[in-house]
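A.B. asks: Below are the structure tokens for one structure; questions will follow.
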Amino acid sequence: MLISKVVDELLSSSTIRENLLLVKLNGLLQTNDKIALREITLQLQLENTVGDKVFGSFAETLQFLLQALKSGNQNSKPILFILDEFDLFAQHKNQTLLYNLFDIAQSAQAPICVIGVTCRLDVIELLEKRVKSRFSHRQLHLFNKLTLKQYREMCRQYLSLSNDFPCPDFVQKWNQNINDLLHEVSVKDILERQFSLSNDVRGLISLLTYPVCQISSSHPQVTAADFVTSFKFLSNDTKSSMLHGISTLELCLIIAMKHLTDIYEGEPFNFEMVYSGK
């Protein structure tokens, strides 16, 4: 949100808007370097410069893009790259895209700036050594300073309907139900427990998603039971859930493998060793 707000303020100036090229990528959408390069080419409108040429490989696409970027000089339009879910780009094979973007930015071959946005504090450790050598190591950590009272108020705002909703009577009834709901002991307890785990806004949105999705003609209002169920889903132990429904034989094999892991301190073993218990 901070990045988006700053960029919007920048682009509100006609001078900057006319002299800045903006490229937005998301690690959830651009799942590999090939897709990311294609998206960069489209956003920079570089596809118009190649006519009917068809790129046969990732290497050709990368070479074309690098040549296009490096052909610029200090008088060229600056390019701002915003990589959302930056940690997912670090999982791309060989981190080729990151290396080349950082390399161009560091060498000042063209006026480009690369901003990575991520929730992971250890994201630098995901970068390869050669990528780290091109990285400026400038980091800005943003931590949420919400209090529990503000957290509850945010929950109320997310669930409440605005006054411009078409049906005023329904708005009044709905908002009154939300206010009463947030004063229930079980709901206050759920919000406090969620807040103690993480006061991140996305965590709150995840908590509210299930109750809202349960609304239907037969279930017209959000209830405290919806909050309890949603919190159970979010706090569920995924490893324990994987064991539900397995057979007795499968459970015995897992127990045997756990014993072998302790005995051999993580060394590999085969099914014969599991079967014999040695």
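A.B. asks: Which of the helices (runs of 4 or more DSSP H) found entirely inside region 50-155 contain at least 2 residues meeting this: modelled with pLDDT of 90 or more and in contact with a Ser or Thr (Cβ under 8 Å, 6 or more places away or on another chain)?
C.D. replies: Correct list: 86-89.
A.B. asks: Could you grab the pairs with beta carbons closer than 8 Å, sequence gap of 6+ or different chains, first residue in region 117-133 and in contact (Cβ under 8 Å) with a residue 24 or more places away in the chain and on the phi < 0 side of the Ramachandran plot, second one of a type in the set (Val, Ile, Thr) and surrounded by 12 or more Cβ atoms within 10 Å (Cβ to Cβ)?
C.D. replies: From region 117-133, the pairs are Val117/Ile3; Val117/Ile82.
A.B. asks: Please work out which residue is farthest from Gln150 (Cα to Cα), limiting yourself to region 185-226 and to residues that are small (Gly, Ala, Ser) and touching a Ser or Thr at 6+ places or on another chain (Cβ under 9 Å).
C.D. replies: Ala225
A.B. asks: If I go through region 173-185 residue by residue, how many of them are assigned to a helix (DSSP H, G or I) and exposed (fewer than 13 other Cβ atoms within 10 Å of the Cβ)?
C.D. replies: 4
A.B. asks: Any residue at all in region 235-247 that's modelled with pLDDT of 80 or more and under 28 Å from Asp189 (Cβ atoms)?
C.D. replies: Yes; the residues of region 235-247 include at least one that is modelled with pLDDT of 80 or more and under 28 Å from Asp189 (Cβ atoms).
The values are calculated or read from the model by the stated rules, or taken from the named source; none is laboratory data. What you are looking at is a predicted structure, and each value in this text was computed from that prediction instead of being measured. Every residue, glycine as well, gets a Cβ built from its backbone with ideal geometry; the counts of neighbours run over all protein chains shown.
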